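The values are calculated or read from the model by the stated rules, or taken from the named source; none is laboratory data. What you are looking at is a predicted structure, and each value in this text was computed from that prediction instead of being measured. Every residue, glycine among them, receives a Cβ derived from its backbone with ideal geometry; neighbour counts consider all protein chains shown.
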Amino acid sequence: MLQFAGAVDRDAEQKLLDTLSIDEPWGLIEAFTQWVRESTTDDEKKSFDYIEDRLKTLGVSYQRFEPEMYISLPKKATMELLSPEQKSIRVKTISFSASTPPEGIEAEVVYIGGAQATNVETLFDSNIGDVDVKGKISLCEGFGMPSKISELEKAGAVAQIYINPGQNIHDGMASPVWGSPGLENRKGMPGLPIVSVNNPDGCWLVEQCQKGTVKARVMTELDEGWKTAPVIEATIPGSEDPDKYVLVHGHVDSWGIGIGDNAVGDATLLELARVFNEHKGGLKRTLKVAWWTGHSTGRYAGSAWYADEFARDLDENCIAQVNIDSPGCRGATSYEDVFVMPESEAFCTKAIEDAMGKTPAFMRPLRAGDYSFNNIGISSFYMLLSTIPAEEKQRMGLYPVGGCGGNIAWHTEDDVLDIADKDNLINDLKVYITSLRRVLNCNTHPFDYRKTAERMHGALKQYEDKANKAGVSVNFKAAHAEFDGLQQALEGLYQKIDSGELDAQKANAILHQLARQLVSLDNTTQPRFYHDPALPRPSLPALLVANDLADLDDFEKKFAQVDLRQGVNHVAGSIRQSRFLLQMSANV
C-alpha cells in the first residue's frame, strides 16, 4: 500500500472546513443572475470585474490578463421547410458553425439515422457510418459534436441538422480545434452551417423524410474572429516550496444565465481562494486559482492560451490541475461519474470518502472541460464532480448532458438560479478542500503511476486483439516487454518511497517527470506543448486506428497497418523512456 506521509492531517483539514461559508459563493451566484456571460461581451466583463473586486476585498493576490483569442458567437439562425409544405421550424446554430450567405442554403434534407447518447461518455461519439449526404442537408439524432460534424462534412453534406433529445434546444460548439487555431489546424474547423432542433420538431422532420422528399432553406449568422477577453489568476503562496503549485480552475463565460454551468464553479473557486488564503501559513505548496473565458465560444480558448503562455512554468512546477465545472447543482448528491486520471484514483477515493462518507465511481476524463494541460503531461483529477444518482435520473426521464450535475437545463435558457443548491455546493467544497490540501501538503506526491501503466497495458492488449481479429499483422511484443519492465521498475520505486529509502524531494522529482511522459502518452497524439483536438481520446490514442480495422476493406487495411505499426513503435519507445528515467534515478 502506497503511503504518503504528511498527506492527511484531519485536524488541519477540519480548520479549513470549519471556515467554509455559503455567503461568499452564494453572493457570486446571485450576482451572476444579472448577466448573460457570453465571451467578450460587457456582461462577461462585469462578471470578471465582480471576481476581481471580491479578490481585492478578501486580500487575495491576483493578476488579470487580457489575451486575444479566436471566438465564435452565434447570432441568428432560421430554417424554412420548402417542401412537402412550407413551414418555419425553430433552430439554433452553434459556435464555429459557418455563416451562410444572407439568402441561406437550400437543399434536400436526408435523414441518416443515428442515436442519442446513452451516458456522458458517449456524448462525443459519432456513430454515423457510411451515408449518402453529398450535396444534401443531413439530419440525425444527438448533439452537434465535432466528430459527427467532421465525418458528415467529409461525406459532402452542405449543411447539418441535429435533433436534440429534449424539449429544449441545447447550445454548443462545433469546432474540433482546441483553443485558438493556428495556420495549419484552422483547416480542420467546420466549413458548413450547422443547426439544432428540439426533439418534437426533429421527430416530425424524420417522419416527413421517411414519407418522401423534403427540401429546406437553412440560414446561420455568427460573429467570428480575434477578440480580447479577461482571464484572472489568483495565487495563494505556499510557505515551504512556493514554486510548486496546484492549478484549480473553471470558466466564467456561459450560455444564457448559466448558473449550473458554470456560475456554481466560479463561486466554488472564489470560496476556495478565500478559505485557503485565510490559512495560507499552513500550506507547503502554492495554490493557483484561475477563471477562464472562451470555454464555450472559443473551444477552451482561455485555458489553452494560459497553457501556451505559461508552458515552461507549468511544465517545471505544476503538480496537478483540477477543473471545476458544474458542482453544487440541484439533486446532485452522488459521486458515481467522477472524472479522474488513473494515478489519482486511490488518493481521490480516500479524499471523497473522508469528506463525504461516500465511495466514488470514476470515469476516464473526456477530452473536454478545459483539460488544456494534457499535452504538457500534468496529472489531473475532477471536472464534473457530483451528479444526480443514476436511478433518480432514470425515474425523472433525464437524458445525458455534459454539466449542471445531470440536470437537462444544461446549455439552455432553463439554467437559472434554481439549478444551484446550497447544501450540495458546500458538500462539493468539502471534497475540493480535502483533496487540494492533501496534494498541497503531502510530503510525496499522491499519484500512483503503477495504475496508469496497468491501464495503458490493458489498452494495448485490447488494440492487439482488434488487430488480430481484423487479420492485420503488427508485432506488439516489444511494447508488451516494455510495459512489463516499466511495471517492475515502478514497483521498485514505490517500495523505496514506502520504506523511506527514497526521500520525498527525490521521489517527487521522479514522479513529476513520470507524469510528463505517461500522462502525455495516455491522453494525446500531438507533441508536447501542442493541443490535441476536441475528439475522443481513449487510453493510448496513438493506437486508435485499431478501432477502425473491422470496418476497413483489405486495401484500406494495408494503410492502417502502417499507422498501427508506427503507433506501436511510438508507445514502446515512450515506455522505454520512462523505464530509462527510473533506471537512471535508481543510480543517483
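Since Arg10 meets every condition but one in (1) in contact with a strand residue (DSSP E or B) (Cβ under 7 Å, 6 or more places away or on another chain); (2) modelled with pLDDT under 95; (3) not hydrophobic (A, V, I, L, M, F, W, C), which condition does it not meet?
Checking Arg10 against (1) in contact with a strand residue (DSSP E or B) (Cβ under 7 Å, 6 or more places away or on another chain); (2) modelled with pLDDT under 95; (3) not hydrophobic (A, V, I, L, M, F, W, C), the one that fails is (1).
Checking the conditions here, which among Leu502, Leu518 is under 16 Å from Ile376 (Cα atoms) and aliphatic (A, V, I, L, M)?
Leu518
Which residue pairs have Cβ atoms closer than 7 Å, lie 6 or more positions apart in sequence or on different chains, and pair a first residue in region 289-311 that is in the same structural domain as Tyr432 (by TED's automatic domain parsing) and in contact (Cβ under 8 Å) with a residue 12 or more places away in the chain with a second residue that is in a strand (DSSP E or B) and among the aromatic types (Phe, Trp, Tyr)?
Gly298/Tyr70; Ala301/Tyr70; Gly302/Trp292; Ser303/Trp292
How about region 503-533: which of its residues are closer than 19 Å to Gln321 by Cα and small (Gly, Ala, Ser)?
Ala509, Ala515, Ser520
Kindly check whether there is at least one residue in region 110-122 that is outside any loop (DSSP other than H, G, I, E, B) and modelled with pLDDT of 90 or more.
yes
With respect to Asp243, determine if the residue is assigned by TED's automatic domain parsing to the domain that holds Phe48, more than 18 Å from the chain's Cα centre (by Cα) and modelled with pLDDT of 95 or more.
Here the answer is yes, as Asp243 does meet what is asked.
Is at least one residue of region 576-588 over 22 Å from Gln462 (Cα atoms) and β-branched (Val, Ile, Thr)?
Checking region 576-588: at least one residue is over 22 Å from Gln462 (Cα atoms) and β-branched (Val, Ile, Thr).
Hey, any hits in region 75-95 for a residue that's hydrophobic (A, V, I, L, M, F, W, C), outside any strand (DSSP E or B) and surrounded by 14 or more Cβ atoms within 10 Å (Cβ to Cβ)? First the steps, then the outcome.
Of region 75-95, the ones hydrophobic (A, V, I, L, M, F, W, C) are 77, 79, 81-82, 89, 91, 94.
With outside any strand (DSSP E or B) added as a condition, the list becomes 91, 94.
Of the ones still in play, those that are also surrounded by 14 or more Cβ atoms within 10 Å (Cβ to Cβ) are 91, 94.
Yes, there is a match, as at least one residue in region 75-95 is hydrophobic (A, V, I, L, M, F, W, C), outside any strand (DSSP E or B) and surrounded by 14 or more Cβ atoms within 10 Å (Cβ to Cβ).
Give Ala12, Ala31 a once-over and let me know the one that is assigned to a helix (DSSP H, G or I), among the hydrophobic types (A, V, I, L, M, F, W, C) and under 26 Å from Ser344 (Cβ atoms).
Going through Ala12, Ala31 in turn, just one is assigned to a helix (DSSP H, G or I), among the hydrophobic types (A, V, I, L, M, F, W, C) and under 26 Å from Ser344 (Cβ atoms): Ala12.
Name the residue, out of Gly357, Gly369, that is closer than 20 Å to Gly260 by Cβ, assigned by TED's automatic domain parsing to the domain that holds Gly258 and not acidic (Asp, Glu).
From the options Gly357, Gly369, the qualifying one is Gly369.
So which of Ala572, Ala546 ends up being buried (at least 19 other Cβ atoms within 10 Å of the Cβ) and under 30 Å from Ala509 (Cβ atoms)?
Ala572
When only residues in region 179-226 that are outside any strand (DSSP E or B) and of a type in the set (Val, Ile, Thr) count, which is farthest from Phe373 (Cα to Cα)? First the steps, then the outcome.
Step one: of region 179-226, the residues outside any strand (DSSP E or B) are 179-193, 198-213.
Next, only the ones that are of a type in the set (Val, Ile, Thr) stay: 206, 213.
On the way: Val206: 41, Thr213: 47 Å.
The qualifying residue farthest from Phe373 (Cα to Cα) is Thr213.
Could you check Trp204 against (1) of a type in the set (A, V, I, L, M, F, W, C); (2) touching a Pro at 6+ places or on another chain (Cβ under 8 Å); (3) surrounded by fewer than 22 Cβ atoms within 10 Å (Cβ to Cβ) and say which number it fails?
Unmet condition: (2).
Looking at region 469-500 only, could you name the residues that are in a helix (DSSP H, G or I) and under 14 Å from Arg565 (Cβ atoms)?
Scanning region 469-500 gives Lys477, Ala478, Ala479.
Go over the candidates Gly256, Gly238 one by one and state the one that is of a type outside the set (S, T, N, Q), buried (at least 16 other Cβ atoms within 10 Å of the Cβ), in the same structural domain as Gly377 (by TED's automatic domain parsing) and over 16 Å from Val60 (Cβ atoms).
Testing whether each residue is of a type outside the set (S, T, N, Q), buried (at least 16 other Cβ atoms within 10 Å of the Cβ), in the same structural domain as Gly377 (by TED's automatic domain parsing) and over 16 Å from Val60 (Cβ atoms) leaves just Gly256.
Is one or more of the residues making up region 561-583 in contact with an Asp or Glu (Cβ under 8 Å, 6 or more places away or on another chain), among the aromatic types (Phe, Trp, Tyr) and closer than 29 Å to Val340 by Cβ?
No.
Is it true that Asp315 is over 17 Å from the mean Cα position of the chain (by Cα) and either among the charged types (D, E, K, R) or surrounded by fewer than 19 Cβ atoms within 10 Å (Cβ to Cβ) (or both)? Reasoning before the result, please.
Details: over 17 Å from the mean Cα position of the chain (by Cα): yes; either among the charged types (D, E, K, R) or surrounded by fewer than 19 Cβ atoms within 10 Å (Cβ to Cβ) (or both): yes.
It is true that Asp315 is over 17 Å from the mean Cα position of the chain (by Cα) and either among the charged types (D, E, K, R) or surrounded by fewer than 19 Cβ atoms within 10 Å (Cβ to Cβ) (or both).
Give region 134-159 a look and list any residue that's out of contact with any Leu (no Cβ under 9 Å at 6 or more places or on another chain) and either buried (at least 24 other Cβ atoms within 10 Å of the Cβ) or not small (Gly, Ala, Ser) (or both), or say none.
First, the residues of region 134-159 that are out of contact with any Leu (no Cβ under 9 Å at 6 or more places or on another chain): 134-137, 141, 144, 148, 151, 154-156.
Passing the criteria: Lys134, Lys136, Ile137, Glu141, Gly144, Lys148, Glu151, Lys154.
Sort out which residues of region 390-404 are in a helix (DSSP H, G or I) and surrounded by 15 or more Cβ atoms within 10 Å (Cβ to Cβ), and write them in order of number. Walk me through how you get there before you give the answer.
First pass over region 390-404, keeping only residues in a helix (DSSP H, G or I): 390-396, 404.
Hits for region 390-404 are Ala390, Glu392, Lys393, Cys404.
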